[in-house]
1. From the residues in segment A:85-130 that are over 16 Å from A:Leu164 (Cα atoms), touching a residue at least 40 places away in the same chain (Cβ under 8 Å) and touching a Gly at 6+ places or on another chain (Cβ under 6 Å), which one is surrounded by the most Cβ atoms within 10 Å (Cβ to Cβ)?
2. Could you please give the count of residues in segment A:131-155 that are more than 17 Å from the chain's Cα centre (by Cα) and either surrounded by 16 or more Cβ atoms within 10 Å (Cβ to Cβ) or of a type outside the set (S, T, N, Q) (or both)?
3. Given the conditions (1) more than 19 Å from A:Leu81 (Cβ to Cβ); (2) among the β-branched types (Val, Ile, Thr); (3) in contact with a helix residue (DSSP H, G or I) (Cβ under 9 Å, 6 or more places away or on another chain), which single one is not true for A:Thr312?
4. Answer yes or no as to whether B:Val57 is among the aliphatic types (A, V, I, L, M), in contact (Cβ under 8 Å) with a residue 60 or more places away in the chain, under 23 Å from A:Pro34 (Cα atoms) and not in a loop (DSSP other than H, G, I, E, B).
5. Working only within segment B:42-54, note down all residues that are part of a strand (DSSP E or B) and buried (at least 20 other Cβ atoms within 10 Å of the Cβ).
6. Write out, first by first residue and then by second, each pair whose Cβ atoms fall under 6 Å of each other, whose residues are 6+ apart or on separate chains, and whose first residue, in segment B:99-113, is more than 7 Å from chain A (Cβ to nearest Cβ) while the second is assigned to a loop (DSSP other than H, G, I, E, B) and surrounded by 23 or more Cβ atoms within 10 Å (Cβ to Cβ).
7. Could you check B:Val57 against (1) within 14 Å of chain A (Cβ to nearest Cβ); (2) crowded, with 20+ Cβ neighbours inside 10 Å and say which number it fails?
8. Return the residue satisfying two criteria in turn: it lies in segment A:211-245 and is charged (D, E, K, R) and within 13 Å of chain B (Cβ to nearest Cβ), and of such residues it is surrounded by the fewest Cβ atoms within 10 Å (Cβ to Cβ).
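The values are calculated or read from the model by the stated rules, or taken from the named source; none is laboratory data. This is a predicted model, so every value here is computed, not measured. Cβ atoms come from the backbone with ideal geometry, glycine included; neighbour counts cover every protein chain shown.
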Amino acid sequence: MRPLTFSRLLLHCAILSAILFVVVVIALKLGAVPVSLYGLGRDLLRVLFRQTSQLSSEYQLIIFDIRLPRILLGIFVGASLAVAGASFQALLRNPLADPYVLGVSSGAAVGAIIALIVEPHLSLAPAVAALLTPVGAFLGAALTVTAVYFLGLRQGQIDSSTLLLAGIISASLLSAIIMFFMATLTGGNYRGMAFWMMGELSTPPQRIVSLVLRFGFFLAAGAIYTTASDLNLLLAGEKEAMHLGVDVRRVRLVVYIAASLLTGLAVSVSGAIGYVGLLVPHVMRLLFGSDHRILLPTAAFGGAIALVVADTLARTVVSPAELPVGAMTAIAGAPLFLYLMRRRLA
Amino acid sequence: MRKDAQRIILAAGAVTALMLCPATLCPTLRAQSPTAIPAATRLNKDFVDEVGRTVRVPQPVQRVISLAPSLTETIYALGLQERLVADTDFCDYPPEALKKPKVGGAINPSLEQIVALRPDLVLVTKSLNRLETVHALDGLGIPSYATDPHTVEEIVSSTERLAGVLGVPDAGAALAADLERHLADLRQRLSGLPPRHVLFVVWSDPLISAGKNTFIADALRLAGASSIVDSSQDWPQMSLEEVVRLQPDFLVFAESHSDSGQSQFDLLAERPGWRGLDAVRNRRFAVISDAVNRPAPRIVSAIEDLARQLHPEVFSAHPEGEKEKKIPPSAQPPLSSSLMASSDGDSTLLEVCVCAP
């Protein structure tokens, strides 16, 4: 294996974070209420120099309390989905694997909805009640991953097409369950449920939930990163990796749990957003190669950039109304995916 | 060959790098940014809204944003339109409400627009708006007052309470008294009459009606009708079989444009299964204003309109006392009496054709 050069990783990450920074500034500027680039720059500088008392109060609520939290949410959701997608693709040795295609996102959505339904019947402290949805989403994601994995086995080996079929069928079954809940439940606060189907970032999660999202992202992504070298060896096949001394069972366990956590957290705050987990790892692989020690961090940045761009478009194209960001990622993602697929075939 | 140490350093480095930039920036900012509206020297008054939250409302309320068409109508009915600084894309009544600045839809309003308009108070209604929107407004320090009427009676009392919150209790009391007077008159006229069995068509494709716990079901009751739908779901999707089995006396449509109700009826009548309905064969249907779909004061006039169409006999020009003698309950025209749409079709004036049995 090619030795990892620290400077190469740093260079890639520096380039990507510069792009992310530019994207965030643009996203901060654009929105239903116009904000001048000059005013925005002045406010950002004041924040950097801790002179918050001098902030022009005019739009700071809009920029710092509405747009920035939403952009941060997009960054973490996008990064979570892309890292989960990259690790699923490596572990299942399947370029089509991603949380959405495998039904993991739908499983997380069903878990979140069930949590939403049982929550009023349990008398919980508000902070605990707020965390019930992410926990339900994580459990839903983990159960779905397990089920799809076992359904995708053929004579003890993961079979690509069986696995994908199992994922797609599970996803459609779980979507039908969501439809069923939507049709039969009344009286509660289920109006937002359509958002689990399409995915959107317009609903700010409660404070405790966004803290858990950030913390969980670093924890799970860090855990996956410790298996990066093993994932590289796994690309050659499970048996081959085992002969090379990889503890395949441990890697599988770590990656499944961590990727389910990433998916569950992302889905619980944003619904099921497709294509980010599928496409971003592919693009990063084309750009920076398939060494997971570089791929995983670059995919995190790439996912963040992609989702912030998609969400900025979603909230500006038909302003002041909004599109679901999941529609935006699909509109941009599907043709790009087809293009990449054709190019690979050619 | 494992370079565990290096990997861990790398991971830790990446984590701290990421943590340092945005994640830590936000909380400090949130703590430092001041609350939305400078409360300055204005007085605040606490109200308990209809979902039980205590809302601190600056007095007097000068800038209101409505996040529901019904609330927009109520504000106009109370004569407070000058204080309405924005409403939703769906607020279309009265027509002037269309010209107000918009903050997007009721389900997904633009928080940015709301903040930019610096409202004293945002009005929401539980049946339409989302809890998440209210949470988000709370987080931004913008007070929001929620209404939650489930019956026509509650629509009236809710209107009166809202008038109190907005600082015009007298206008609220007058409006409520007027509405009550109309309802009492209606109740008196319709007393003793058997209710018409109706199918209220909320949406025709797929067929959606209103459940028994909605204010629409209550409005139908007050208009001397009873819905054939006995569902605890608010907006049940009905199967045609079920409708044919229950054989409604009348189909009721709510329309904003007066003649599209009839075209809606004609469309339904052309569909195969619907011809089996007596109400369709005899063209018995009523078209009322879509005000019936909104929990706002205007619903009372829609109820009166429906009552007139379903029970025309008690709305003749004669004063009430005489009418009671002329048409005793026993001499009620039987169900064969049908409302026929006038033949020219461009008018909604419905004529009564009493076919003697």
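1. First, pick out the residues of segment A:85-130 that are over 16 Å from A:Leu164 (Cα atoms): A:108-130.
Restricting the remaining residues to those that are touching a residue at least 40 places away in the same chain (Cβ under 8 Å) gives A:108-113, A:116-117, A:120, A:127, A:130.
Within this subset, residues satisfying the condition of being touching a Gly at 6+ places or on another chain (Cβ under 6 Å) are A:108, A:110-112.
On the way: A:Ala108: 34, A:Val110: 27, A:Gly111: 26, A:Ala112: 29.
The selected residue is A:Ala108.
2. Narrowing segment A:131-155 to residues more than 17 Å from the chain's Cα centre (by Cα): A:131-132, A:143, A:146-155.
Next, from what is left, pick out any that are either surrounded by 16 or more Cβ atoms within 10 Å (Cβ to Cβ) or of a type outside the set (S, T, N, Q) (or both): A:131-132, A:143, A:147-154.
Total satisfying the criteria: 11.
3. (1)
4. Answer is no for this residue.
5. If we filter segment B:42-54 for residues that are part of a strand (DSSP E or B), which is where we start, we get B:43-48, B:54.
Hits for segment B:42-54: nothing passes.
6. Once the first residue is more than 7 Å from chain A (Cβ to nearest Cβ) and sits in segment B:99-113, its partners that are assigned to a loop (DSSP other than H, G, I, E, B) and surrounded by 23 or more Cβ atoms within 10 Å (Cβ to Cβ) give B:Ala106/B:Leu67; B:Ala106/B:Ala68; B:Ala106/B:Thr88; B:Ala106/B:Asn129; B:Pro109/B:Leu67; B:Pro109/B:Val103.
7. Looking at each condition in turn, B:Val57 falls short on (1).
8. Start the filter on segment A:211-245 by keeping residues that are charged (D, E, K, R), which leaves A:214, A:230, A:238-240.
Add one more test, that the residue is within 13 Å of chain B (Cβ to nearest Cβ), and what stays is A:214, A:230.
Details: A:Arg214: 21, A:Asp230: 23.
Of everything passing the filter in segment A:211-245, A:Arg214 is surrounded by the fewest Cβ atoms within 10 Å (Cβ to Cβ).
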